Each structure stands twice: as structure tokens, then as C-alpha cells.
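First the structure, in the form of C-alpha cells, and then the observations on it.
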Amino acid sequence: METTDIFLALLFGCVGFGYFMHGRRTQNIVTRYCGIAMILYPYLASSTWELLAVGVGLILAPRFIEI
């Protein structure tokens, strides 16, 4: 694992924790599950570009998905 991958995993994990806490506090299920996904997906990503693309997608998902 390269330094970039470790930094991105830490960054998206911290943002995911914030999303999870915000989603739990506001009862927003999309934000909550995007936060959980951001915490867990870095363990499954195989490349830096995949890590970055999925992370940005999960950050933007609550803005466009309304339930």
C-alpha cells in the first residue's frame, strides 16, 4: 500500500465518520449509510483511482439522493 492510498483511506474514513454522525443525528438514512460505506470501502479498493472515484461518489451521493 502506497502513502497516497493510506492518506486517502484516512481522509475518506474521517469524512465517513462525520457523515455517519450527522446522518444519525438528523435521522437521514442516505447520509448514514454513505458514511458507513466510506469507512469500510478503503479496505476493498485495489487502486488509487478506484479509491478516489468511489470516495468522491460517496461524498456527492447524499446531495443527489433524497429519501
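Taken together, the values in this text are just the output of simple stated rules run on the coordinates, not laboratory data. Since we're looking at a predicted model, the values are computed, not measured. For neighbour counting, all protein chains shown are included, and Cβ atoms are generated from backbone atoms with ideal geometry for every residue, glycine included.
Computed values, structure above
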{"quantity": "Hits in region 35-62 (condition: among the β-branched types (V, I, T) and more than 12 Å from G16 (Cβ to Cβ))", "calculated": "T48, V56"}
{"quantity": "Counted residues, region 16-47 - those being surrounded by fewer than 14 Cβ atoms within 10 Å (Cβ to Cβ) and either on the phi > 0 side of the Ramachandran plot or in a helix (DSSP H, G or I) (or both)", "calculated": "9"}
